[in-house]
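Q: One structure is given below, represented as structure tokens, and several questions about it will come after.
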Amino acid sequence: MGCPAKKVIGGYAGSALMREPDHALSLIEATVKAVKIPVTVKMRLGWDEMSINAPEIASRAEAAGVQLITVHGRTRMQFYEGRANWDAIAAVRDAIRIPLIANGDVETVADAEEILRRSGADAVMVGRGCQGRPWHAGVLAGQDGPAASEIPNLVVEHYRAMLEHYGVEVGVRHARKHLGWYLERYAPGLAPDAKAAIMTSKNAEDVAKALEHSLAAALGPGARQEAA
Ligand SMILES: Cc1cc2nc3c(=O)[nH]c(=O)nc-3n(C[C@H](O)[C@H](O)[C@H](O)COP(=O)(O)O)c2cc1C
């Protein structure tokens, strides 16, 4: 119940469900009844600041058998604007006993500690902070990230694994968003036409070569970029 996108809420899905708590609960109850595995729910704070109802929906979800709740500390009307309200998540903590995960704008260990302190949540979920560095959750948990010199190979490995998993045609399309995130993070100075060539090519071998070349140039000796 977090997605704010127009094409999703037009179908009364995503965050639009927070405007229809009874309907949301009927879906949650049906899901809990239908499966043997634990059911978890993710939501925003509410539709807009006049209708913050995450605590009420979370409490009803708990009563319906849900075993964990995640809250992104924004309303739907905020989309991804402004800052997530970590304090407001605390009202959900007060409303439920099941584990709570806090989410929104966490990039660093200091952010993670702060969101836990302010929300009282049990754990943190990181979204955009992992774009272009899928190992970042591990880094926040204390593991080492890759050295800058390892990143070009890791990116190409990720790219090839996506093509293998999805097949070349679908894989190339799926891979684009990840390639965009990697290049934005590690090769922000890449010329627009070089980036466009990588993003639009259907030739996987060309893409792999250009990726490795662009990232190695940006991250090579002398480049002062942090891997983590
Ligand atoms: C490109 C993109 C795709 C997302 N897809 C999903 C999704 O499929 N399911 C979901 O629960 N949240 C999805 N989210 C929301 C994130 O899980 C998260 O709640 C939100 O981005 C706020 O956390 P962050 O500040 O750490 O990114 C998506 C967010 C972005 C930016």
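Q: Pick from N103, N203, N85: which is most flexible by mean-square fluctuation in a GNM of the chain where alpha carbon atoms under 10 Å apart are linked?
A: Maximum fluctuation in the GNM of the chain, among the listed residues, is at N203.
Q: Quick one, what does Rg over Rh come out to for the range 117-193 if you take C-alpha atoms and the Kirkwood Rh?
A: Here Rg/Rh amounts to 1.05.
Q: Taking 7 Å along the Cα-to-C-beta vector as the label spot, tell me the E81-E107 distance in nanometres, rounded to one decimal.
A: With each label placed 7 Å out from Cα toward Cβ, I get 2.0 nm.
Q: Could you give the length gained by full extension between L116 and A5, i.e. 0.36 nm per residue of separation minus their alpha carbon distance, to one decimal place?
A: Full-extension gain reported as 37.2 nm.
Q: Measure out, as a whole number of angstrom, how far apart the alpha-carbon centroids of the range 17-74 and the range 88-154 sit.
A: Distance between centres, Cα-based: 21 Å.
Q: Moving to a separate point now. For the range 62-144, just list the percent of Cα-Cα distances falling in each 10 Å bin from zero outward, please.
A: It works out to 18, 47, 30, 5, 0, in whole percents.
Q: In whole percent, what relative contact order does the chain give with Cα contacts below 8 Å and a gap of six or more residues?
A: 13 percent
Q: Once you treat every alpha carbon in the range 6-126 as an equal point and sum by Debye, what is log10 I(q)/I(0) at q = 0.09, 0.12 Å⁻¹?
A: -0.23, -0.41
Q: With springs only between Cα atoms under 10 Å apart, run a GNM on the chain and tell me which of A217, A34, A84 wobbles the most.
A: A34
Q: Compute the projected area of the convex hull of the Cα atoms of the range 70-228, averaged over all viewing directions, and report it in nm² to one decimal place.
A: So the Cα hull casts an average projection of 11.2 nm².
Q: Can you return the lysines within cross-link range of K195? Criterion is Cα-Cα under 29 Å, with same-chain partners fewer than 8 residues away left out.
A: K6, K7, K177, K209
Q: Once the Cα gyration tensor of the range 148-219 is found, what semi-axes does its equivalent ellipsoid get, as square roots of 5 times the eigenvalues, in whole Å, sorted largest first?
A: Semi-axes (√(5λ), whole Å): 18, 13, 10.
Q: Give me the extension gain from D48 to Q131: residue separation times 0.36 nm, minus the current Cα-Cα distance, reported in nm with one decimal.
A: Separation in residues times 0.36 nm, less the Cα-Cα distance, equals 27.2 nm.
Q: Residues of the range 51-92 with amide nitrogen under 11 Å from the 7 Å Cα-to-Cβ point of V35?
A: Of the residues in the range 51-92, 67 have backbone N under 11 Å from the label point off V35.
Read the figures in this text as sums done on the coordinates, not as results from a lab. As the structure is a computational prediction, the values presented were derived from the model and not from experiment. Virtual Cβ from ideal backbone geometry, glycine too; neighbours counted across all protein chains shown.
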